[in-house]
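The values are calculated or read from the model by the stated rules, or taken from the named source; none is laboratory data. Every value quoted in this text rests on a predicted model; they were computed, and no experiment measured them. Using ideal geometry, Cβ is built from the backbone for each residue, glycine included, and neighbour counts are taken over all protein chains shown.
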Amino acid sequence: MRQHAWLNAVPDEKHAGKGEAPRAQSRLARYRKDGVEPSLPDPGPAAYLVEYLWDVGPTEPAGMGEAPVSHAQLAAWQANLGVELHAWEVQTLRRLSRDYVVQSHQAQDPACKPPFGELYRSPRVEDKIDAALD
């Protein structure tokens, strides 16, 4: 399976602030703990856009949380790096950012299914299930 460099940029846990209860371990953190490589779609020839998204954001701060990357943020990123994106690339980056924000909110529910691939089951749980059925 192909390694995705941007996967290492994904935060595996959010740390609670003072006075807040600690959050449950994220799905990615459970994968890493069990030594399992998550099943990820191959971005194909648009892989560079995923790299750009992680370089730009993938979100920006907003009032009470995170918002998709704005046109202004993308314009500043392009100007700073000397990158000139086509209109369809900007639209794709904004769409990826919007989808990331939506999924990150939905994923706070422990029952949320992954947006792709199959549900993850810890190898330890699978072993226990197999042992119970033998």
The lone condition residue 72 fails out of (1) loosely packed, with under 15 Cβ neighbours inside 10 Å; (2) modelled with pLDDT of 95 or more; (3) of a type in the set (Gly, Ala, Ser); (4) not in a helix (DSSP H, G or I) is (4)
Reported set for the stretch 105-123 where residues are at pLDDT 70 or above and either surrounded by 11 or more Cβ atoms within 10 Å (Cβ to Cβ) or part of a helix (DSSP H, G or I) (or both) is 105, 106, 107, 108, 112, 113, 114, 115
The residue that is modelled with the lowest pLDDT, considering only those in the stretch 1-11 that are assigned to a loop (DSSP other than H, G, I, E, B) and not polar (S, T, N, Q), is 1
Among residues of the stretch 12-69 being exposed (fewer than 15 other Cβ atoms within 10 Å of the Cβ) and touching a Pro at 6+ places or on another chain (Cβ under 6 Å), the residue modelled with the highest pLDDT is 34
For this session: For residue 93, indicate whether it is surrounded by 15 or more Cβ atoms within 10 Å (Cβ to Cβ), out of contact with any Lys or Arg (no Cβ under 7 Å at 6 or more places or on another chain) and assigned to a loop (DSSP other than H, G, I, E, B).
Result: no
